[in-house]
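Taking it in order: structure first as C-alpha cells, then the write-up.
Please treat every number below as a calculation from the coordinates, not as lab data. Since the structure is predicted, the reported quantities are computational estimates derived from the model, not experimental observations. Cβ coordinates were reconstructed from backbone atoms using ideal geometry, including for glycine residues, and neighbour counts include every protein chain displayed.
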C-alpha cells in the first residue's frame, strides 16, 4: 500500500508561523548541553544575542530557541554546549485514502483482533490494564463515546493549536483518537449496522487502562521533532507524579533520519525514557520496501519496534501475511514483533482530517477503519499494559523479552519482516518476567550527538495509518 506523504504546513498562530514573521536571518535550533553544564548561562547568552527561548527540553538537557543565523557558530563554541542543531518539522503517517477499506471484512474488528492476539484470555482472568497509564504522543484525543474523561487524562498540548482553547488537547486530525480507542477504548453501546463482530460491545486491547494524552500534531498532521522530544521528556519526568502510573509510551511516529540511532536526538530521547522504566512502543513505518531501514526512532535497538501483519481472515498465525506498506528493516535492526495492521476498526472523529479524507473507511456513525503500523503499535501498547498489570515489577527489557519470546512466527515471511512473529498474550501472560530469555539488553548507549536536521531526513515524519 502507498503512504500519503503530508506536506509540512504550520497552523496560523503557531510558533512556526510566528517565526516566519521574524527576519529571514533567524533560525530555529535545538541546543543540547553536557550534563552539569550551566543551562541558565546558555539561555542568557541566547537572549543577549537577540534570540528567544521557545521551549525547554530537559530530557536532552537543553532547549529549543530562535536565534540569528550568525549566532549559530559562536553558540556551538559556548562552554558546556554539546550540540546546536536545526529544529526540524514532521508529520504523522496516513494511508492513502484512495485505497479504501473493506466495510464487511471482520478481520479488522477489535473483537477479531483481540481473538488473534488472545486478549480475551487476559480479560477472563481479570487482566484488563487497570492501574496502568499509557502515554499517547499523537494528534490529541476527542472525547467521543468510548473515550470519556474517565479513561483519558490530558497531559500538555505541545501542538501548533495549543493556543486555541476550543481545540486544545482535542483531535482535529483524527489519528490520536483512533489509536487511543485501540489501546483502551471501552463502552457497552451496541455497535452500528454494518460492523460484523462476534460481540455487541467495543473494547480496546486494555479496556481499563488509562490514556495520558499528549498532543503534538495539528489538524493537518504537522508536528515538529522538538515537540515530540519535549513530549517524551514530559512523560519521563512526570510518569509517577501523584495520580499517575505511566508505564507505556505509544509512539506511532517516525522520521526517515539520515543518521544512526546512536546519534539521533529523537532516538536518544526514547532510549532515556526506556532507561527510566517506561516501555516505549514505536511504529516501524509505512514506507514498505521503498526504505530498507526502520523509521526513526523505531531503529533504536532498545525500544519495541512494531511491524504490521495481515491476519488473512484466519486466527492461526501460520498463514498470515506482511502488507506491502509495512517497513521491514535490515538484518542489523528489524521489527521485533508484529500485530494486526490492516483494516483495523477504531473510533472516528467526525469532520477531522482523517474522517474527511477516508469516507470509504467509515463504519456506521462512530467507527472508521485504518491500516498501518500505527494500528499495530497501538495493539502492542495495549498488550504491554495488560502484562504490566499482571507483572507490575517487570522492567522494560523483561517485558520486551516476554513479548518477543512468546510470539508466533509465520511461514510466509522472512525474520526481518516479522521479527519473532505475531504477539500472543496467552503465552506471554503465562511467562514469569524472571523466566524471560533476556533480562537486560546489552546495546551501546545512544549519545544524541547528531542533529535534528539529520533526524528530519527528507522531512517525512510518520504516524502509521
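Quick notes
- Sites residue 47 and residue 411, calculated FRET efficiency, Cβ-Cβ separation with R0 56 Å, nearest 0.05: 0.35
- All Cα-Cα distances of the range 353-430, cut into 5 Å bins from zero to the largest, leave 3, 13, 19, 18, 14, 11, 13, 8, 1 percent in each bin in turn.
- Residues 366, 449 arranged by fewest to most Cβ contacts within 10 Å: 449, 366
- Mean-position separation - Cα centroids, the range 372-412 and the range 236-297, in angstrom: 15 Å
- For the range 224-381, the Stokes-Einstein estimate of translational diffusion at 25 °C and a viscosity of 0.890 mPa s comes to 149 µm²/s, using the Kirkwood hydrodynamic radius over alpha-carbon pairs.
- A protection proxy built from the mean count of other Cβ atoms within 10 Å ranks the segments 354-360, 375-381, most packed first, as 375-381, 354-360.
- Altogether, the Stokes-Einstein calculation at 20 °C and 1.002 mPa s, with the Kirkwood radius of the range 94-462 over Cα pairs as Rh, returns a diffusion coefficient of 109 µm²/s.
- Likely footprinting exposure, 154, 208, fewest C-beta neighbours within 10 Å first: 154, 208
- Here the alpha carbons of the range 111-170 define both size measures, Rg and Dmax, at 15.3, 44 Å.
- Each peptide in 276-289, 123-136 was scored by the mean count of other Cβ atoms within 10 Å over its residues; highest first, the order is 276-289, 123-136.
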